[in-house]
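Trainee: Got a structure for you, written out below as structure tokens; questions coming shortly.
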Amino acid sequence: MKSLYIIMLQSLRPLLTKILNPLARNLNINPNIVTIVSPFVAVLAAYGFANHDLILGCVAILFSGFLDVLDGAVARYHGRSSRFGAFLDSTMDRFADAIIYIGIIFGGYCDWFVGILAIHSAITVSYVRARAESQGAECNIGIAERAVRMIILMIGAIIGYLLGDIYFTYIIYILVILSYFTVGQRIMYVRRQLK
């Protein structure tokens with residue numbers, strides 16, 4: 001069963017292509033450069049959260065996510081897709097995930113233990129998929145894939161800015177639960193394929 005995220009992404013793909021292709025056409029550079037810039041923008045998000053600037057954190061996550069999509073568009077448009085590029089992209093995503101949560105911990109939006117669980121769960125969601133695919137199994141399901149988690153985090157930051165920090169804290173707890181639930185979903189899904 002496909003996740004809601006996959007269905008939404010497939011329905012948005014024509015719109016994303018229409019937006020990204022003109023940018024990709026005019027950005028004839030090595031897509032790995034765009035990939036490497038993205039986590040540095042995530043550092044800006046971490047800085048925002050660490051300094052209680054939820055709007056900066058939100059905007060930086062949005063821009064980092066945009067770059068994360070743009071690198072793939074540049075690679076596809078200019079025929080520069082590569083296995084190393086996919087590996088680098090995945091690695092930089094993990095770095096970005098961790099640094100954002102480190103900023104949230106420093107900002108005091110959650111205690112260190114919950115923050116570590118947030119980092120661990122986010123990285124484990126991706127690890128399970130990578131490990132499954134190395135075994136020849138498909139694993140593109142789950143309620144809280146990375147893009148969904150980042151969207152929830154941005155919405156949480158806006159809610160926290162408008163209604164108070166405690167609401168952003170609640171979002172962190174919800175993300176930890178959803179992430180570990182996704183790990184369980186993926187394990188069960190892969191188990192059915194590899195039995």
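The values are calculated or read from the model by the stated rules, or taken from the named source; none is laboratory data. Everything quoted here is computed from the prediction, not taken from an experiment. Heads up, the Cβs are rebuilt from the backbone with ideal geometry, glycines too, and the neighbour counts pull from every protein chain shown.
Trainee: Filter the stretch 154-164 down to the residues that are out of contact with any Gly (no Cβ under 8 Å at 6 or more places or on another chain) and either of a type in the set (Asp, Glu) or part of a helix (DSSP H, G or I) (or both) and list them by number.
Mentor: If the condition is that a residue be out of contact with any Gly (no Cβ under 8 Å at 6 or more places or on another chain) and either of a type in the set (Asp, Glu) or part of a helix (DSSP H, G or I) (or both), then Met154, Ile155, Gly156, Ile158, Ile159, Gly160, Tyr161, Leu162, Leu163 are the ones that fit.
Trainee: Within 17 Å of Arg149 (Cα to Cα), under 18 Å from the mean Cα position of the chain (by Cα) and modelled with pLDDT of 90 or more, is that true of Leu62?
Mentor: For Leu62, the condition - within 17 Å of Arg149 (Cα to Cα), under 18 Å from the mean Cα position of the chain (by Cα) and modelled with pLDDT of 90 or more - is met.
Trainee: A further question follows. When you go through Tyr109, Tyr161, Tyr101 one by one, which is the residue that is in contact with a Leu (Cβ under 8 Å, 6 or more places away or on another chain), at pLDDT 95 or above, among the hydroxyl-bearing types (Ser, Thr, Tyr) and closer than 19 Å to Ala46 by Cβ?
Mentor: It is Tyr161.
Trainee: Also, quick follow-up: Only one residue in Leu88, Leu27 is of a type in the set (A, V, I, L, M) and more than 23 Å from Glu145 (Cβ to Cβ). Which one?
Mentor: Answer to the selection: Leu27.
Trainee: Criterion first (closer than 21 Å to Val37 by Cα and without any contact (Cβ under 8 Å) to a residue 60 or more places away in the chain) does Ile99 satisfy it?
Mentor: So Ile99 fails the test.
Trainee: Would you please list the contacts, defined by Cβ atoms under 6 Å and residues six or more apart or on different chains, that run from a residue in the stretch 158-175 that is closer than 18 Å to His120 by Cα to a residue that is among the charged types (D, E, K, R)?
Mentor: Listed pairs, sorted by first residue: Leu175/Arg149.
Trainee: Turning to a different aspect of this structure: Looking only at the stretch 138-145, decide whether some residue is surrounded by fewer than 21 Cβ atoms within 10 Å (Cβ to Cβ), within 24 Å of Ala50 (Cβ to Cβ), under 15 Å from the mean Cα position of the chain (by Cα) and without any contact (Cβ under 8 Å) to a residue 40 or more places away in the chain.
Mentor: Within the stretch 138-145, none of the residues are surrounded by fewer than 21 Cβ atoms within 10 Å (Cβ to Cβ), within 24 Å of Ala50 (Cβ to Cβ), under 15 Å from the mean Cα position of the chain (by Cα) and without any contact (Cβ under 8 Å) to a residue 40 or more places away in the chain.
Trainee: Out of the residues in the stretch 14-53 that are at pLDDT below 90 and among the charged types (D, E, K, R), state the one that is surrounded by the fewest Cβ atoms within 10 Å (Cβ to Cβ).
Mentor: Among residues in the stretch 14-53 that are at pLDDT below 90 and among the charged types (D, E, K, R), the one surrounded by the fewest Cβ atoms within 10 Å (Cβ to Cβ) is Lys18.
Trainee: I want to confirm something. Restricting to the stretch 65-86 and keeping residues that are of a type in the set (D, E, K, R), over 24 Å from Gly156 (Cα atoms) and part of a helix (DSSP H, G or I), which single residue is modelled with the highest pLDDT?
Mentor: Arg83
Trainee: Residue under question is Phe106, and the condition is that it be surrounded by fewer than 20 Cβ atoms within 10 Å (Cβ to Cβ), within 30 Å of Arg192 (Cα to Cα), of a type in the set (A, V, I, L, M, F, W, C) and out of contact with any strand residue (DSSP E or B) (no Cβ under 8 Å at 6 or more places or on another chain); does it hold?
Mentor: For Phe106, the condition - surrounded by fewer than 20 Cβ atoms within 10 Å (Cβ to Cβ), within 30 Å of Arg192 (Cα to Cα), of a type in the set (A, V, I, L, M, F, W, C) and out of contact with any strand residue (DSSP E or B) (no Cβ under 8 Å at 6 or more places or on another chain) - is not met.
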